[in-house]
Amino acid sequence: MLYKSLEFKNIVGQKVKIIEIPVLEKNNRYHFMIQVRLQVFISTIYNKPEQKNCYSFYDYLKRKMKWSDFIDLFSIQEFSSNA
């Protein structure tokens with residue numbers, strides 16, 4: 001599975017980084033759910049300034065998703081050669 005990261009400044013101007021965001025195809029059944037969860041996660045971080053400046057979306061999904069869906073999402077086959 002491929003992952004991406006996202007950097008932005010929150011409401012007080014602090015630089016924040018979100019890592020381990022899974023990249024899914026449009027026809028994947030988890031695509032919409034991941035997009036919505038990511039929007040909620042970003043808005044929560046944007047409006048709440050904290051000392052932490054790096055967040056893991058993987059850990060967030062682990063807490064928020066049903067365990068069976070989480071395992072199914074992250075058990076997607078990896079590429080044989082990441083070229």
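Numbers for the structure displayed
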{"item": "Residue in the range 63-71 that is of a type in the set (Ser, Thr, Tyr), without any contact (Cβ under 8 Å) to a residue 60 or more places away in the chain and surrounded by 10 or more Cβ atoms within 10 Å (Cβ to Cβ) present", "result": "no"}
{"item": "Residue in the range 33-50 that is under 14 Å from Lys64 (Cβ atoms), of a type in the set (Ser, Thr, Tyr) and surrounded by 11 or more Cβ atoms within 10 Å (Cβ to Cβ) present", "result": "yes"}
{"item": "Residues being touching a helix residue (DSSP H, G or I) at 6+ places or on another chain (Cβ under 6 Å), over 20 Å from Ser75 (Cβ atoms) and not aliphatic (A, V, I, L, M) - total across the range 1-54", "result": "2"}
{"item": "Subset of the range 15-29 (residues that are surrounded by 12 or more Cβ atoms within 10 Å (Cβ to Cβ) and either within 12 Å of the chain's Cα centre (by Cα) or at pLDDT 90 or above (or both))", "result": "Val16, Lys17, Ile18, Ile19, Glu20, Ile21, Pro22, Leu24"}
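Quick grid of which residues meet (1) in a helix (DSSP H, G or I); (2) under 12 Å from Ile21 (Cα atoms); (3) in contact with a Pro (Cβ under 9 Å, 6 or more places away or on another chain):
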{"site": "Ile42", "(1), (2), (3)": "yes, yes, no"}
{"site": "Tyr46", "(1), (2), (3)": "yes, no, no"}
{"site": "Gln51", "(1), (2), (3)": "no, no, no"}
{"site": "Tyr60", "(1), (2), (3)": "yes, yes, no"}
{"site": "Phe70", "(1), (2), (3)": "yes, no, no"}
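The values are calculated or read from the model by the stated rules, or taken from the named source; none is laboratory data. Here the structure is a predicted model, which means the values were calculated and not measured. A quick note on method: Cβ atoms are made from the backbone with ideal geometry, for glycine too, and the neighbour counts reach across all protein chains shown.
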